[in-house]
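Colleague: This structure is in structure tokens; I'll ask about it shortly.
Since every read-out is calculated from the coordinates, none of them should be taken as a lab result. Quick caveat, the model's predicted, so the values are computed rather than measured. Quick reminder, even Gly has a Cβ in these numbers, built from the backbone with ideal geometry, and neighbours come from all protein chains shown.
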Amino acid sequence: MSSVQVEFRRARVDEGDGRLLAQAMAAEIAVLYDGLDQNGADMPKAGPAELGPPGGGFWVGYVDDSPACCGGVKQLPDPGACEIKKMYVVPALRGRGLAHQLLGYLEGQARALGHQVARLDTGHHQPDAQHIYDTSGYRQIPNFNGNPVATYFAEKQLLA
């Protein structure tokens, strides 16, 4: 696995490169999960209000000044807890350590926002995502967000 250099920049999930990557992720999810709309009424919310200040944020990672990945942090109702949302790596750069770099960066941003625990979820059609979370220190927990298609829910303590 050859690692790539990434420059992370604050972004918005509904504008510019952040929007383009979030749309690419939504299109991929719709194929994997039979037309699933991530913004549907039954899905956990992860729009600009949730992935923005004061308790959250959204970032785009650039490789050679091209948008390569994205992800966000959403404040949860539980004090000190956040959820990592909308992690996505462009297909051409997968398998090169970018998702691990992205996850580590998002965890750092979550710590900077004052969160002590990060939670996340994924579905059964995304075993690579679950592998990344398992190998990054996440431990399975019960369903915390009511996501109707997720089958894996996990959390990690964010040490200072």
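Colleague: May I ask you to sort ARG94, ARG12 by Cβ crowding, counting other Cβ atoms within 10 Å and putting the fewest first?
Modeller: Lowest to highest Cβ neighbour count: ARG94, ARG12.
Colleague: Can you compute 3J(HN,Hα) from phi for each residue in the stretch 44-60, using the Karplus curve 6.51 cos²θ - 1.76 cosθ + 1.60 with θ = phi - 60°, rounded to whole Hz and x for Gly and Pro?
Modeller: Each residue's phi maps through the Karplus curve to give x, 6, 8, x, x, 5, 6, 9, x, x, x, x, x, x, 9, 9, 10 Hz.
Colleague: Which residue fluctuates most in the GNM of the chain (Cα springs below 10 Å): ALA110, ALA22, ALA150?
Modeller: Largest GNM mean-square fluctuation: ALA150.
Colleague: Test of understanding: in a Gaussian network model of the chain with alpha carbons linked when under 10 Å, which of LYS74, LYS86, LYS45 would top the mean-square fluctuation ranking?
Modeller: Highest fluctuation among the options: LYS45.
Colleague: Which lysines does LYS156 reach when only Cα atoms under 18 Å apart count, and residues fewer than 8 places away in its own chain are ignored?
Modeller: LYS74, LYS85, LYS86
Colleague: Still on this structure: FRET efficiency for ALA27 and GLN5, Cβ-Cβ distance as r, R0 = 25 Å, nearest 0.05?
Modeller: Here the calculated transfer efficiency is 0.40.
Colleague: Would you mind computing, in nm to one decimal, how far apart the modelled labels at HIS124 and ASN143 are, each placed 7 Å from Cα along Cα→Cβ?
Modeller: For HIS124 paired with ASN143, the spin-label model returns 1.3 nm.
Colleague: Then there is this: Here are a few candidate values for Cα extents along the principal axes in Å: (1) 51, 33, 28; (2) 40, 38, 31; (3) 42, 36, 35. Which one was actually calculated from the structure I just gave you?
Modeller: Recomputing Cα extents along the principal axes in Å here picks out (2).
Colleague: What's the local net charge at TYR152, with K and R +1, D and E -1, over the other residues with C-beta under 10 Å away?
Modeller: Summing Lys/Arg as +1 and Asp/Glu as -1 gives -2.
Colleague: Here's another thing I want to ask about it. List the residues whose amide H sits under 5 Å from the amide H of PHE8, counting only those 5 or more places along or on another chain, with H placed 1.01 Å from N in the peptide plane.
Modeller: Hits under the 5 Å cutoff: TYR62.
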